[in-house]
Amino acid sequence: MDFETPLTARIKANGEVTTLAEYRDAAGYQGLEIALSMESTAVIDLVKESNLRGRGGAGFSAGLKWSFVPRGEGTARPKYLICNADEMEPGTFKDRWLMECDPHQLIEGMVIAAYAIEADIAYLFLRADYEVAAERLQQAIDDAYQEGLLGDNICGGSYSLQLYLHTSAGRYICGEETALISSLEGKRAVPRAKPPFPQVSGLFGKPTVVNNVETLCNLPHILRNGADWFKSLGRGEDAGTKLFGVSGRVKNPGCWEMPMGTTIREILEGYAGGMQDGLKLKGFLPGGGSTDFLTEEHLDLPMDYGAIGKAGSRMGTGTMIVLDDQTCPVGMVLNLIQFFAQESCGWCTPCRNGLPFLRQLLEDLEYGKGRPEDLETMADYCRYLGPGNTFCALAPGAAEPLQSALKYFRRDFEEHVNQGGCTYRQQAKANG
């Protein structure tokens with residue numbers, strides 16, 4: 001077992017799935033056995049001590065989140081654990097890798113988390129497009145039931161858990177935990193007001209915890225190797241390893257497991273191979289399509305929650321989208337805004353009406369109809385869509401690439417006005 005890359009040590013280079021027998025030969029389900037030998041509250045304390053933060057984007061302490069679930073006599077039943085595998089953030093593909101190649105790691109993590117919060121039922125809420133993952137996960141779930149690792153009296157003990165794979169109807173908004181819960185109940189995927197928080201009143205009004213795939217996959221290793229080991233993997237304040245990805249016009253796009261706090265330069269130049277020949281780095285979204293642009297001046301920042309936050313962006317999912325000097329930043333942002341406008345649940349006015357309006361302004365810029373005042377209008381709308389002005393975080397996240405593009409690439413926006421449209425497209429047409 002590779003102690004420096006625990007999440008991916010069992011993943012095969014040919015992309016084939018790790019079977020239950022192979023997983024158990026590599027210390028699989030030992031973490032679960034250790035967890036079941038402990039009091040459930042002790043498991044929560046261990047995960048708190050490890051400083052495991054949510055890998056879905058928010059970075060909230062996993063153990064602290066679990067501690068909010070009511071316990072003791074008279075607690076509402078059943079309790080639920082939900083794995084959020086609705087990976088639809090633009091530019092993000094890390095969870096798919098884990099689910100397709102090492103599904104038992106996720107299942108073991110789910111059982112550990114469920115035991116910690118005393119859950120009776122668990123759901124794996126999967127993005128509908130992940131057909132290969134669905135097939136492999138269901139086979140792994142069936143195998144786990146057959147071996148007594150799921151169902152009644154897990155590992156011969158007193159704890160029981162029913163785990164179900166649920167393929168989602170497919171909406172980006174389902175990445176928001178309360179919208180996911182609404183969808184799982186068979187309702188329209190609309191976020192809910194908080195409080196009450198899901199840990200108190202979630203699925204069907206019962207206590208519920210929602211965790212991301214990568215977050216849960218860390219649990220077997222923390223239980224086997226301890227909190228100090230997990231903290232030692234990180235290079236700074238944030239513990240553990242992280243799946244970092246790069247997409248865009250780089251020489252070697254992909255996904256790699258590295259220590260938390262690895263510098264952006266090391267990821268982009270060392271692992272992704274740098275920019276393709278003839279291209280220069282113009283900027284990048286550090287954590288997926290709903291994060292603020294950073295530029296070349298930020299390359300030596302560590303990829304951790306604090307450093308990226310201080311630079312004016314968010315680490316998000318840790319999957320970079322790279323912008324090169326021959327790609328139009330206005331067109332790139334338009335592509336993202338089109339996606340977010342389409343995926344809005346339509347529940348609140350700023351998101352429902354604001355995002356299509358921004359899309360229209362950006363289209364006008366791209367096709368020669370933009371006006372100088374449109375730039376200020378877009379900046380104003382980014383503020384209107386900011387945190388605290390909408391029902392959930394979809395619209396604030398959608399505004400982040402635009403507001404930062406206006407900051408770093410304003411000349412490109414102005415040229416769209418002055419030159420009557422996209423100069424990148426005009427140049428490409430002139431070159432044949």
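The values are calculated or read from the model by the stated rules, or taken from the named source; none is laboratory data. Predicted, not measured: the structure shown is a model, and the values here were computed from it. Ideal geometry is used to build each Cβ from the backbone, glycine not excepted, and the neighbour counts take in all protein chains shown.
Here are some notes:
- Residues satisfying the stated conditions in the stretch 1-56, i.e. of a type in the set (A, V, I, L, M, F, W, C), closer than 22 Å to GLY261 by Cβ and under 23 Å from the mean Cα position of the chain (by Cα): LEU7, ALA9, VAL47, LEU52
- Of the residues making up the stretch 291-330, those that are touching a Pro at 6+ places or on another chain (Cβ under 6 Å) and among the small types (Gly, Ala, Ser) number 1.
- In the set GLY312, GLY306, GLY354, only one residue is assigned to a loop (DSSP other than H, G, I, E, B) and not assigned by TED's automatic domain parsing to the domain that holds MET88; that residue is GLY312.
- Total residues in the stretch 118-160, condition surrounded by 15 or more Cβ atoms within 10 Å (Cβ to Cβ), part of a loop (DSSP other than H, G, I, E, B), out of contact with any helix residue (DSSP H, G or I) (no Cβ under 6 Å at 6 or more places or on another chain) and among the aliphatic types (A, V, I, L, M): 2
- Screening PHE284 on (1) touching a His at 6+ places or on another chain (Cβ under 8 Å); (2) crowded, with 23+ Cβ neighbours inside 10 Å; (3) of a type outside the set (Val, Ile, Thr) shows it passes everything except condition (1).
- Enumeration of residues in the stretch 77-87 that are part of a loop (DSSP other than H, G, I, E, B) and within 12 Å of PHE125 (Cα to Cα): ASP86, GLU87
- Per-region count, the stretch 30-62, residues small (Gly, Ala, Ser) and touching a residue at least 24 places away in the same chain (Cβ under 8 Å): 9
- Flag if ARG171 is free of Cβ contacts under 8 Å to residues at least 60 places away in the same chain and closer than 25 Å to ARG55 by Cβ: no
- Among the helices (runs of 4 or more DSSP H) confined to the stretch 374-430, the ones with at least 2 residues that are at pLDDT 95 or above and either of a type in the set (Lys, Arg) or within 27 Å of GLY287 (Cα to Cα) (or both) are located at 394-408, 410-418.
- Of residues in the stretch 166-191 being more than 19 Å from GLY57 (Cα to Cα) and basic (Lys, Arg), the one surrounded by the fewest Cβ atoms within 10 Å (Cβ to Cβ): LYS187
- Residue within the stretch 53-62 that is surrounded by fewer than 15 Cβ atoms within 10 Å (Cβ to Cβ) and in contact with an Asp or Glu (Cβ under 7 Å, 6 or more places away or on another chain) present: no
- For LEU163, the requirement of being of a type outside the set (Ser, Thr, Tyr), touching a Leu at 6+ places or on another chain (Cβ under 9 Å) and either surrounded by fewer than 21 Cβ atoms within 10 Å (Cβ to Cβ) or closer than 19 Å to CYS101 by Cα (or both) is not met.
- When the stretch 375-390 is filtered for residues that are in contact (Cβ under 8 Å) with a residue 40 or more places away in the chain and crowded, with 19+ Cβ neighbours inside 10 Å, only THR390 remains.
- If you check GLU73, GLU87 for being among the charged types (D, E, K, R), without any contact (Cβ under 8 Å) to a residue 40 or more places away in the chain and assigned by TED's automatic domain parsing to the domain that holds TYR115, only one passes: GLU73.
- Filtered residues of the stretch 167-200 (kept if of a type in the set (Ser, Thr, Tyr), in a helix (DSSP H, G or I) and touching a helix residue (DSSP H, G or I) at 6+ places or on another chain (Cβ under 6 Å)): TYR172, SER183
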